[in-house]
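Student: Following this message is one structure expressed as structure tokens.
Read-outs throughout are calculated quantities, based only on the coordinates presented, and are distinct from any laboratory measurement. All values derive from a computational prediction rather than experimental measurement. Counting neighbours? That spans all protein chains shown, and the Cβs are built from the backbone with ideal geometry, glycine included.
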Amino acid sequence: MFDISEYLNKFKKISEGRDFLRNTVSEAIKTISGITVDPKNIEVKEGIARIKEKPIVKTEIFLKKGKIIENLKTKTDKITDIL
């Protein structure tokens, strides 16, 4: 018989991976720039983290983008850019 719980666990693992990347980006931004960004406002797709915040917040993040990406490289190699 087919066990649906094992099938659904596959999707749980995918979701946990996305949450890890979102939280990692949020922590790196807070560490480098001192700005708190809710992980729900971060979308990670194909190695690019897209920030959905006010323009003034995004500008401050982009000013320190290089240092944030360096910080992210020490934690994960899946994030290559921030937009």
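Student: Can you tell me how much longer the chain between LYS67 and ILE35 gets when fully stretched, taken as 0.36 nm per residue apart minus their C-alpha distance, in nm with one decimal?
Tutor: This chain segment gains 10.1 nm when fully extended.
Student: For GLU43 and GLU27, calculate 0.36 nm times their separation in residues minus their Cα-Cα distance, and state this gained length in nm to one decimal.
Tutor: 4.3 nm
Student: Another question, if that's okay. Report the one residue of THR76, ALA49, GLY17 whose Cα lies farthest in the direction of the positive end of the charge dipole of the chain (charges on C-beta: Lys and Arg +1, Asp and Glu -1; origin at the Cα centre).
Tutor: About the Cα centre, the residue reaching furthest to the positive side is ALA49.
Student: Taking Cα pairs under 8 Å and at least six residues apart, what relative contact order does the chain come out at, in percent? Intermediate results must be reported in sequence, preceding the final value.
Tutor: Values: 79 pairs, mean separation 22.5, N = 83.
Relative contact order comes out at 27 percent.
Student: Okay, next question. Give, as ranges by residue number, the residues of the range 34-48 whose backbone N falls under 16 Å from the point 7 Å along Cα→Cβ of THR74.
Tutor: Residues 34 fall inside that zone.
Student: P(r) of the range 12-82 in 5 Å steps, Cα pairs, percent per bin?
Tutor: P(r) for the range 12-82, in whole percents per bin: 3, 19, 32, 29, 12, 4, 1.
Student: Roughly how tilted is helix 65-75, in degrees to the nearest 10 and between 0 and 90, from the longest Cα axis of the chain?
Tutor: Computed tilt is about 40 degrees.
Student: Mind checking the angle between helix 4-33 and the chain's longest principal axis? C-alpha axes, 0 to 90 degrees, to the nearest 10.
Tutor: 10 degrees
Student: Let me spell out the model: positive unit charges on the Cβ of Lys and Arg, negative unit charges on the Cβ of Asp and Glu, origin at the Cα centre of the chain. What dipole size does that give, in debye rounded to 20?
Tutor: Dipole of the chain, to the nearest 20 debye: 260 debye.
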